[in-house]
Amino acid sequence: MRPFLVTAAQAGKLPRWGLLLLCGLYLLPGFVGRDPWRQDDAASFGIALTMARGGPADWLSPNIAGEPVYGEGPLPFWLAAIAIRLLPFVSAHTAARAMAVAGLALMLVALWYATYLLARRPGVQPTDPFGASASRIDFARAIADSALLVLLGTIGVIARVHETTGEAAQICLSAFYLYGAARALERPRSGGLIAGLAIAASVATQGPYPALALLLTTLLLPALSPAYRLIARPWLACALPACALGAVWPLLLTLDATVGRATFDGWLAWHASLAGGPSTRGALYLLRTLPWYFWPAWPIALWALLRWRGRLGEPAVALPLLALACMFLVAVSTAGNGDAPQLLPLALPAAMLASLGLPTLRRGVVSLIDWFAVMTYSLIGLAVWAYWIALVVGYPPRMAYRAGRIAPGFVPEYVALDIVLGSLATVAWLLLVRWRISRQPPMIWRAVVLSGSGLVLAWFLLMTLWLPVFNQRNTYRDVTLQAAATLPPGYRCVAPRGLGPAQRASLYYFGDLRFGATEDGCDWLLIQDDGPAARTDPSPEPGWILRWAGSRPRDPDERLRLYARDHRR
């Protein structure tokens, strides 16, 4: 690697208040003021709610109101269920999200300290032939700040981590693993213990595949990095026994001869079905998705590998590179038709690698990244404001029509607070752009401060101005209350047919429906129609009388039908 110099000015400190404010704006919007939304968010919340309302069997075997969920481990839902029980004075979904906010905050802290511990090692420090270089601590802090900004600016991460899902929990565990592995260079036993516990927790979160990626990283690190080779014995002696704790939950399942054993068999079968490798459709999905999903981390990370190619054994390069390679290998091996949940944690090592490439980026590349961020996020912010104003005031008519199609029948209320918050965020963005363009600061993190801040601005505007609109479009609250109002007070149970996990969870939460295991034992029947069947007149159900049918606004491909048993037959 060619020598490079980082001066004290280039390692200038990012103001702590600014970094903390940016992290706060990243954390809270998207968690506050909305219902559990359809698909994964609502389904995952349903598991936690079932645990909080249920007994030991529900805590051992994840399910949604009695319907087993084999693709998820119980750990993140244990934590959410504990929060629901400990915070009875707030709504259940608010309590569950409070735990998710805490986990996301810890993830950001773990990433910062992992990068900091690696960047302050002598082998990573820039060349200093004239005594003009930044101090070791200042350089490491600037690199850690940069890694955090890269993660905040990674496009594909921001929406997924604001859900109460196992995927969001897994990225937190991956951050803890990286912190443990970085800490192990100075404290091998405690670092190995933290890393091993993160691997064990991964088994009880997203199953064996993320745990396998982290375990491979643990075993291969001593082979790639001399520094890890020196601590291999205490590092592995603490990490590997802690990994064994990952077998505790599956073992408890096998000891239960009824529900637990069935859950274990279903859990194994579900994960075995993912092990066939990527299909052509999955490979095409990855090729289309990865370039924007990991922007701006991936091009800077590639540049870092090019510049550090002669020193791949340095822990600051070896750890994120090996973690990235192992995670990617496992992810593509289980991608199936695409949208592999194991892709999300790749953002962490990619951000760590990208931060090492920032000190050597050329001025022209920095300017290109800056102008891309300024143009992209300024246009996004302008579009968000323009369509929101059109929705509220009804002008221009064409824009108002397009905005109204997102949630038909939506009536804006209490817009004053949204205007104030959105205006403050927009003014802050304009001031940041003016500062970045006018002063041309030399700091290492200058290339990514606009990317990170711009994405946070766009997310903040969407989750303030447009949150009521998105909430009406994605919640099942209204349709659930309509179905629940149809049921008489003394009904026995409702038998579901074709009901999806998100719909089941929402009906269980908002409508407090009592689901039965079979149609024979229930006096009500609930059917979900999907696709073309939802747009046609329902066919008669022998032995049942249709009492209600409904769907969410602007969702013609999904319909719920509620039947009462016909006692005349």
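Each reported figure results from applying straightforward, stated rules to the coordinates on display, with no laboratory input. It should be emphasised that the depicted structure is a prediction, and the values quoted were computed from it without experimental measurement. FYI the Cβ positions are ideal-geometry reconstructions off the backbone, even for glycines, and counts take in every protein chain you see.
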For this session: At most 10 other Cβ atoms within 10 Å plus a DSSP loop assignment makes a site exposed; report the longest stretch of the chain without any exposed chymotrypsin sites (Phe, Trp or Tyr not before Pro).
Result: 131-413
Exercise. Trp59 to Ser135: extension gain in nm, 0.36 nm per residue of separation minus the Cα-Cα distance?
Worked result: 22.3 nm
For this session: Divide by every residue of the chain the summed helix terms, -39500 (n - 2.57) for each DSSP H run of at least 4, and state the resulting mean residue ellipticity at 222 nm, rounded to the nearest 500 deg cm²/dmol.
Result: -19500 deg cm²/dmol
For this session: Give the relative contact order (percent, whole number) for the chain; include only Cα pairs under 8 Å separated by 6+ residues.
Result: 18
For this session: Among Ile419, Ile158, rank each residue by its count of other Cβ atoms within 10 Å, from fewest to most, as a rough exposure measure.
Result: Ile419, Ile158
Exercise. By how many nm would the segment from Trp270 to Trp385 lengthen if fully extended, with 0.36 nm per residue of separation less the alpha-carbon distance?
Worked result: 37.0 nm
Problem set entry | Rel. contact order, % - alpha carbon contacts under 8 angstrom, at least six apart, segment 363-474 | 43
Exercise. Going 7 Å from the Cα of Ala533 in the Cα-to-Cβ direction, what parts of segment 498-517 have a backbone nitrogen less than 13 Å from that spot?
Worked result: 498-500
Seminar exercise, completed: Per its Cα gyration tensor (rounded if a/c is under 1.5, else prolate when a/b beats b/c, else oblate), segment 477-565 is best filed as oblate
Seminar exercise, completed: In the chain the cysteines whose Cβ sits 4.7 Å or more from every other Cys Cβ are Cys23, Cys172, Cys238, Cys243, Cys326
For this session: With label points built 7 Å along Cα→Cβ from the Cα atoms of Ala485 and Ile406, find their separation and express it in nm.
Result: 2.7
For this session: Collect residues whose amide H, placed 1.01 Å from N in the peptide plane, falls under 5 Å from the amide H of Ile64; neighbours closer than 5 in sequence don't count.
Result: Val69
Exercise. For segment 477-565, what is the relative contact order in percent, using Cα pairs closer than 8 Å and at least 6 residues apart in sequence?
Worked result: 31
Seminar exercise, completed: Assertion target for Glu72, Glu413, ordered by fewest C-beta neighbours within 10 angstrom first, is Glu413, Glu72
Seminar exercise, completed: Fewest to most Cβ atoms within 10 Å: Met327, Met443 sort as Met443, Met327
Exercise. By the gyration tensor of its Cα atoms, with a ≥ b ≥ c the square roots of the eigenvalues, what is the shape of segment 363-474: rounded for a/c under 1.5, prolate for a/b over b/c, or oblate?
Worked result: prolate
